[in-house]
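First up is the structure itself, then whatever we jot down about it.
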Amino acid sequence: MAYFAWGEPTPGNSDYRSSYEGNLYYFVSEEAKQEFDGNPGKYIPAFGGKCAFGMSIEKEFDSDPTNFKIIDGRLYLFLKNDDTDALELWNQEDESKCLAHAEKFWESRSTT
């Protein structure tokens, strides 16, 4: 929710929490929680929060929640560590091709 409202991840408060598809989410306010509850699919990260670049190369990497990009109203998270910034790699590629390949890989692994 904070990615969209403030353009950055913001730690939530356990007093304002919601569960969606087996995951627990914390919010900074009751208003933010209500916004999420009204349309949770809008706010959850693509690919179950796994690294979008990883999905595009058929690999499953954990992501860093501070390394993100919103594309066409959807939140994508990316790996970032001392060796790799997957968002930088993503931005060097054709984004539409990366998205298509990532979606295809995500669907294939979700159905097997």
note = A careful count of residues in the range 42-53 that are open to solvent by less than 40 Å² (accessible area, probe 1.4 Å), in a helix (DSSP H, G or I) and either in contact with a strand residue (DSSP E or B) (Cβ under 6 Å, 6 or more places away or on another chain) or free of Cβ contacts under 8 Å to residues at least 40 places away in the same chain (or both) gives 4
inquiry  = For the range 9-24, give me the residue count where each residue is without any contact (Cβ under 8 Å) to a residue 24 or more places away in the chain and either in contact with a strand residue (DSSP E or B) (Cβ under 8 Å, 6 or more places away or on another chain) or closer than 20 Å to K69 by Cα (or both).
reply    = 10
ask   = Can you pull out the residues in the range 11-29 that are at pLDDT below 95 and of a type outside the set (G, A, S)?
value = P11, N13, Y20, E21, N23, L24, Y25, Y26, F27, V28
remark   = When every residue in the range 1-32 that is outside any strand (DSSP E or B) and among the polar types (S, T, N, Q) is compared, the one least open to solvent (accessible area, probe 1.4 Å) is S29
inquiry  = I'd like to verify a number: residues in the range 62-80 that are open to solvent by 40 Å² or more (accessible area, probe 1.4 Å), under 14 Å from A2 (Cα atoms) and not polar (S, T, N, Q), how many?
reply    = 6
request  = Mind listing whichever residues of the range 81-99 are open to solvent by 30 Å² or more (accessible area, probe 1.4 Å) and touching a helix residue (DSSP H, G or I) at 6+ places or on another chain (Cβ under 6 Å)?
outcome  = L89
ask   = If you take the residues of the range 61-112 that are of a type in the set (S, T, Y) and in contact with a Lys or Arg (Cβ under 9 Å, 6 or more places away or on another chain), which of them is farthest from C51 (Cα to Cα)?
value = T66
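The values are calculated or read from the model by the stated rules, or taken from the named source; none is laboratory data. Note that the coordinates shown come from a computational prediction; the quantities given were computed from them, not determined experimentally. Note that each Cβ is placed from the backbone with ideal geometry, even for glycine, and that neighbours are counted across all protein chains shown. Heads up: the accessible areas ignore ligands, DNA and RNA and are worked out on the full protein's heavy atoms, side chains in. Shrake-Rupley method; radii C 1.70, N 1.55, O 1.52, S 1.80 Å.
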